[in-house]
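Since the structure comes first, as structure tokens, the remarks are kept for the end.
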Amino acid sequence: MKEFKEIIKENFGALTNEEIEIIHSYFYEEKISKNNFFMQPGKYCNKLSLIKSGIFRIYRLADGKEITQWISVPNYFITEIHSFFFDQPSRLHIQALTDVELLTIDKKNYLQLSKELPKWKEIETQFIAKCFAMLEDRVFSHLSMNAEERYNLYFEQNRELFNQVPLQYIASVLGMSAETFSRIRKRQIENS
């Protein structure tokens, strides 16, 4: 895992060391064992966590089928946005694919930060905008690239995952069937 200070600056913008220490003081360490859940549908998410180590799969059920939306790895934040920010029941399963170590802030302390750090709302806005930009990039790639191009881009950005998680989850993230994914993967291996 990168240093907490570096991750905070990447996600929340320019902050002083003192401000980062204040933010860090609100986080606590947490562990989730492999196959256990960070969040399940119908429950309320009251925490935002930074993944120190391990891998999560975020998925939903549609017509009885699991659709993997995202695979989250170290140095990324994880929460159920719909639930955490809008006080709605979760729609997602967030499951540990490995043992996971987290730095977590609960919602009460997250809200307290806005009282202690006057520019917290500005920091929060930048963080949410960064998340939105990542989502825009993902939507654009799904709309503008064919399956093989999406596979190649994801492989270049997440090469290590191809040996760490079941490939059908990656296929789902990429919006393709396991069969299409397997054909592309076989072609890529033959051509390398």
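Using a simple spin-label model with pseudo-atoms 7 Å out from Cα toward Cβ, Asn152 and Leu61 lie 3.9 nm apart.
Using only the C-alpha atoms, the convex hull of the range 27-118 corresponds to 93 Å³ per residue. Using only side-chain charges placed at the Cβ, +1 for Lys and Arg and -1 for Asp and Glu, the dipole size of the chain relative to its Cα centre rounds to 480 debye. Between the residues Ile20, Asn109, Tyr59, the greatest Cα displacement towards the positive end of the dipole of the chain, with unit charges on the Cβ of Lys, Arg, Asp and Glu, is found for Tyr59.
Tally up the carbon and sulfur contribution to the accessible surface of the range 15-146 as a whole percent, 1.4 Å probe, everything protein left in place.
53 percent
Taking packing as the residue-averaged number of other Cβ atoms within 10 angstrom, the listed peptides 127-134, 69-76 run from highest to lowest as 69-76, 127-134. The modelled label-to-label distance for the pair Thr180/Leu143, using points 7 Å beyond Cα in the direction of Cβ, is 1.7 nm.
How large is the accessible surface per residue of the chain, computed with a 1.4 Å probe and reported in Å² as a whole number?
On the way: 11010 Å² over 192 residues.
In whole numbers, the chain has 57 Å² accessible per residue.
Spin-label model, Lys9/Ser192: points 7 Å from Cα along the beta carbon direction are separated by 3.3 nm. Counting only DSSP H runs of at least 4 residues, each contributing -39500 (n - 2.57), and dividing by the residue count of the chain, the helix-based mean residue ellipticity at 222 nm comes to -14500 deg cm²/dmol. Cβ-Cβ distance of Gln40 and Gln168, R₀ of 25 Å, FRET efficiency by 1/(1 + (r/R0)^6): the value works out to about 0.75.
Against the 2.2 N^0.38 Å scaling, with N counting residues, where does the range 106-176 land? I'd like the Cα-based Rg ratio to two decimal places. Working shown, then result.
Values: Rg = 17.4 Å, N = 71, 2.2 N^0.38 = 11.1 Å.
It is 1.57.
Each peptide among 95-103, 181-189 gets the average number of other Cβ atoms lying within 10 Å of its residues, and from highest to lowest they stand as 95-103, 181-189.
In straight-distance terms, cross-link reach from Lys5 covers every one of the lysines whose alpha-carbon lies under 24 Å from its own, apart from those fewer than eight places away in the same chain; here that gives Lys31, Lys47, Lys52, Lys107, Lys108, Lys115, Lys119, Lys121, Lys130.
Helices from the chain with mean Kyte-Doolittle at least 0.0 and a Cα length along the axis of 15 Å or more, per DSSP H: which? Within the chain the helices that satisfy the rule are 120-144. For the range 60-68, the Karplus equation 6.51 cos²θ - 1.76 cosθ + 1.60, evaluated at θ = phi - 60°, returns couplings of 10, 9, 9, 6, x, 10, 7, 10, 7 Hz by residue, with Gly and Pro reported as x.
The values are calculated or read from the model by the stated rules, or taken from the named source; none is laboratory data. Nothing here was measured: the structure is a model prediction, and the numbers come from that model. Neighbour counts run over all protein chains shown; Cβ positions are idealised from the backbone, glycine included. These area figures cover heavy atoms from the full protein model, side chains too; ligands, DNA and RNA do not enter into them. Shrake-Rupley method; radii C 1.70, N 1.55, O 1.52, S 1.80 Å.
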